[in-house]
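Student: Next up is a structure, given as structure tokens.
The values are calculated or read from the model by the stated rules, or taken from the named source; none is laboratory data. Bear in mind the structure is a predicted one, so any value in this text is a computation, not a measurement. Cβ sites come from the backbone with ideal geometry, for glycine too, and all protein chains shown count toward neighbours. With ligands, DNA and RNA removed, areas are computed over all heavy atoms of the protein, side chains included. Shrake-Rupley method; radii C 1.70, N 1.55, O 1.52, S 1.80 Å.
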Amino acid sequence: LWLTSILLIIKIMRFFLLLLAIFSSATAATTSSSSSSHIARPRRSFASLDSTKEQTKKVPAALGLEALIQQRGGSSTEAVMTKEPAGLPSAVKLLIGAGGIYAAFLYYGSLQEDVFRYTAADGTQFKQAWFLQVLEALANVLIGFVGMQLTGATKGIPKKAFAISGASQVSAKACTSLALANGLSFPVATLAKSGKMAPVMLGSLILGGAEYSLREYLQVAAIIGGTAIVSMGKKKGGSSSNSMMGVAYIVGSLVLDGVTAGFQKKLKAETAKAGVKPKPYDFMFWTNFYMCLTALVISGALNEIGSGLAYCTANPEIFNKIIKFAVCSAVGQSFIFYTIANFDPLILSTVTTTRKIFSVLLSIFLKGHSLSGTGWTGIALACSGILSEMAAKMAGKTKAH
């Protein structure tokens, strides 16, 4: 039964990759057509300038065709040419990017669940969530540093904005780990994290007076309601206090996600104000540097470094899983940057969204989670909310083109 379920999930993943390939090709064709039309118009107007000397005098001598096109709102021929597929076909690039994200983060999720479900011979479990964040962020810092050296570091980056964003982000991740450490199941935690739009909407409604459509309210309600049904649909087991603590931590993680989103907007504004444009590996290095620093300070204050190292020394098996977990995080981030560099951000959003669904399904089938019919109804409801949100983004992008 498990083998059949896994094969079915693999087939669904292949189907999503095919849809992504078709969508990215259509987007590229639309963009290319739009860019070509922008180029054509300036060429005709430039040719018309040759017919009248008075008009020609208005064009500065140093202004060539490329500069003239850009000045009039078009795209340069060189810029358009760089968007053309070079080297690997787009389908192969998509397979590398999306496949890498799926592989790294599906394994990442599985390892994260294994770490917090592990029970040592003496009956103790791993609880040092902040120590785990130190190791994960450190792996990302190392990969980010190498990537930054290869692509060139950006100077003049506002470090304070990165520090605040990094501290908020690592706190959200630590709360998710603490939720798992306190008895919340991985499927419930993952589905709940997919509802991070809820605190963002709430904050925008209270503070910004924003307005949302009925569809957006229904999407959030489906994700939150489905997650609650899954939680109730699980077979009884474990301490209720632990479960309540797990719920409290995941709620805290969602709130911090909303806070992080606000800080990241401020970070973009600060970098624009400073006149710098950080590269992907600049973001990866500096964000994770301050994430690591924050986690190091908090784990030190909680005495998790010593206890965490002692636990890993006594249980090499879990330390092996933690190292793999940290490496998967860094490798997955690299594939995310690769996908961003080669495709529309919507493609990345689609991949990461569907990855969460596959993570939930794999966890249920491989980790022995037992769900009732009610639980499966909750899974379907939450997934419908997630997919509806993704479909709305795709529809909006298509209209924009």
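Student: Name the shape class, rounded, prolate or oblate, that the alpha-carbon gyration tensor gives for segment 334-384, where a ≥ b ≥ c are the square roots of its eigenvalues, rounded holds for a/c under 1.5, and otherwise prolate holds if a/b is larger than b/c and oblate otherwise.
Tutor: oblate
Student: Another one. Considering only protein heavy atoms, what per residue accessible area in square angstrom results for segment 242-311 with a 1.4 angstrom probe?
Tutor: 54 Å²
Student: Still on this structure, please answer the following. Got a number for carbon plus sulfur as a percent of segment 93-213's accessible area, 1.4 Å probe?
Tutor: Carbon-and-sulfur percentage of accessible area, whole number: 65.
Student: Hey, rough spin-label estimate for Lys279 and Ala103, points 7 angstrom out along Cα→Cβ, what's it come to in nanometres?
Tutor: Simple spin-label model gives 2.5 nm for this pair.
Student: Once you place label points 7 Å from the Cα toward the Cβ at Ala248 and Lys159, how far apart are they in nm?
Tutor: 3.7 nm
Student: Which pairs, out of Lys159/Lys324; Lys155/Lys266; Lys159/Lys266, put more than 21 Å between their alpha-carbon atoms?
Tutor: Among Lys159/Lys324; Lys155/Lys266; Lys159/Lys266, the Cα-Cα distance tops 21 Å for Lys159/Lys324.
Student: Now for a different question. Could you give each residue of segment 291-298 its phi-based ³J(HN,Hα) in whole Hz, using Karplus coefficients 6.51, -1.76, 1.60 with θ = phi - 60°, and x for Gly or Pro?
Tutor: Karplus values, whole Hz, x for Gly and Pro: 5, 5, 5, 4, 5, 5, 5, 5.
Student: I would also like to ask the following. Shape of segment 130-184 from its Cα gyration tensor (a ≥ b ≥ c, root eigenvalues): rounded if a/c is under 1.5, otherwise prolate when a/b > b/c, or oblate?
Tutor: It is oblate, given that a/c is not under 1.5 and a/b is not larger than b/c.
Student: How much length, in nm to one decimal, is gained on full extension between Ser388 and Tyr217, taken as 0.36 nm per residue of separation minus their Cα-Cα distance?
Tutor: 60.4 nm
Student: How would you classify segment 227-358 from its alpha-carbon gyration tensor, with a ≥ b ≥ c the square roots of the eigenvalues: rounded for a/c under 1.5, else prolate if a/b is greater than b/c, otherwise oblate?
Tutor: The shape class here is prolate.
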